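The structure under discussion appears below in the form of structure tokens.
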Amino acid sequence: MADNRKLWESLGIDLKKHDQLLEVLPQVFGDLFLSQEGRPSRMAYFDGFAGDVHGFRIRELVEHKQRGGKVFGAFCIYVPEEVIYAAGGACVGLCGGVDMTVAAAERILPRNLCPLIKSSVGFKLERLCPYVEVADLVVGETTCDGKKKAWELLSEYVPLYVMELPQKKSERDLGFWEGEIWEFLKKVQEVTGKEVTAEGLREAMEVFDRKRQALQRLFDLRRNDPVPISGLDALLVVQLGFLDDPVRFSQKVEELCEELQQRAEAKQGAFPKGRPRILVAGSPMVLPNWKLHALVEKQGGVVVCEESCTGTRLLTGRTDPSDGDLKELIKAIARRQFKANCACFTPNEERVQQIVQLCQDYRVHGVIYYSLVFCQPFILEGYKVERALRARGIPVLRIESDYGDGDLEALKTRVKAFLEGLA
Ligand code: BJ8
């Protein structure tokens, strides 16, 4: 701990406020995660990571920089990590899931803005996140309006580069996005001083494909009934994947999956069979946003799948890096990414169809459509999703929530009634 404090101090972290942040987390983590009975033993690695989330990984990143490496921070799964990795860089996710930093962000951002954006910006304003402080370049993107305008303000505090993500998915848009990846590649080369070669990019693509495949296996195992891992634990694993080294992370997820496979074969569930199986669809839930999963599982349900960027959207597609020059590889990256259906795209019919399919694949009893408050793309798309699900007789509960606990009791009542209705 003493070493961590020196580390944080060297990064310019506001230690006093940071202490307040770390004060609450162990208690919450213990109550929600460690109190679960019969957890897979391989969760120990992820528990350890969560317990020292600003410690050992930050030290690794600092050491990486001391060896001449660079660190990039990103807010979206459309930022092509492979390119960063191919130039010897490390990439970490910077999206904020903490209520404590929201008020600070409201000094420069409007109140009626999504908490994910406010929490992320607030972390920088408050100097509370070592991942932001260690980053050499922060990468934003033009997904929703809130993000793209917030980046203009955030760029006054951090070196920031913005990728322009098209809003449609035609061949012309795909070509445009490939161009954006090329521009980004140039920027990455400029920051790292290293050339991205076809060979390097191919290797990087293999690293991230392995990561996606490991997570896909974790999700596939959640199709079992009883489900061998709680929704809370699965969510934690995915959330930590945004921070961890991708090679080590893949290995740890694969080890966890081995254990879950055995549990599934032995019909050993995280909960007894028969609980209502819930799909959560919508806005991402970034660390440490565990609010909805905790509510569902405390009220007698189990979350078996997330259709979000902290879920299936993150795992979408494979790149086939077997051959091809740099041009082909960039094309393969862009094509894979375009299979992910963020609500920022229009039209987005594939997403609606995908959610319907996931309901079958994961044998769910009901869907909770979750939007962060003021997240217009996901809130608006909720209507179409709900209509499609109801037409197929699948019950839906739509929820809008933030990172605070002011709505906890109301949510609890609604979730409880929904689950009872599924029984
Ligand atoms: S690909 S979901 S990570 S943009 S929650 S900031 S959309 S108002 S996070 Fe996202 Fe990329 Fe899409 Fe995924 Fe805006 Fe909504 Fe906030 Fe959001």
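The values are calculated or read from the model by the stated rules, or taken from the named source; none is laboratory data. Keep in mind that this is a model prediction, so the values were computed, not measured. Quick reminder, even Gly has a Cβ in these numbers, built from the backbone with ideal geometry, and neighbours come from all protein chains shown. Keep in mind that these areas ignore ligands, DNA and RNA; they rest on the heavy atoms of the full protein, side chains included. Shrake-Rupley method; radii C 1.70, N 1.55, O 1.52, S 1.80 Å.
Computed quantities for the displayed model
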read-out	value
Long-range neighbours under 8 Å by Cβ, at least six apart or interchain, first residue open to solvent by 40 Å² or more (accessible area, probe 1.4 Å) within the range 393-421, second polar (S, T, N, Q)	R398/S371; E400/S371; K412/Q299; K416/Q299
Residue match in the range 273-284 (condition: more than 30 Å from G404 (Cβ to Cβ), modelled with pLDDT of 95 or more and among the small types (G, A, S))	no
Test result for T319, farther than 21 Å from L279 by Cβ, hydroxyl-bearing (S, T, Y) and in a loop (DSSP other than H, G, I, E, B)	yes
Sole residue being of a type outside the set (F, W, Y), open to solvent by 40 Å² or more (accessible area, probe 1.4 Å) and within 21 Å of F29 (Cβ to Cβ), chosen from K298, K339	K298
Of all residues making up the range 359-383, the number that are within 16 Å of the ligand (Cβ to nearest atom) and part of a helix (DSSP H, G or I)	8
Residue list for the range 264-295, restricted to those being small (G, A, S) and either free of Cβ contacts under 8 Å to residues at least 24 places away in the same chain or open to solvent by 10 Å² or more (accessible area, probe 1.4 Å) (or both)	A264, A266, G269, A270, G274, A294
In the range 58-115, the residues that are open to solvent by 40 Å² or more (accessible area, probe 1.4 Å), within 13 Å of the ligand (Cβ to nearest atom) and in a loop (DSSP other than H, G, I, E, B)	P110, N112
Number of positions in the range 335-354 that are in contact (Cβ under 8 Å) with a residue 60 or more places away in the chain, among the aliphatic types (A, V, I, L, M) and more than 14 Å from the ligand (Cβ to nearest atom)	0
Residue match in the range 129-142 (condition: near the ligand (Cβ under 9 Å from one of its atoms) and within 20 Å of C91 (Cβ to Cβ))	yes
Counted residues, the range 257-301 - those being among the aliphatic types (A, V, I, L, M), more than 16 Å from the ligand (Cβ to nearest atom) and in a strand (DSSP E or B)	2
Scope the range 150-167; condition closer than 20 Å to A103 by Cα, in contact with a helix residue (DSSP H, G or I) (Cβ under 8 Å, 6 or more places away or on another chain) and surrounded by 20 or more Cβ atoms within 10 Å (Cβ to Cβ); matching residues	A150, L154
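One line per residue, one yes/no per condition, for (1) among the acidic types (D, E); (2) free of Cβ contacts under 8 Å to residues at least 12 places away in the same chain; (3) open to solvent by less than 30 Å² (accessible area, probe 1.4 Å):
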residue: V139; (1), (2), (3): no, no, yes
residue: T142; (1), (2), (3): no, no, yes
residue: K148; (1), (2), (3): no, no, no
residue: K169; (1), (2), (3): no, no, no
residue: R172; (1), (2), (3): no, yes, no
residue: Q189; (1), (2), (3): no, no, no
residue: R210; (1), (2), (3): no, no, no
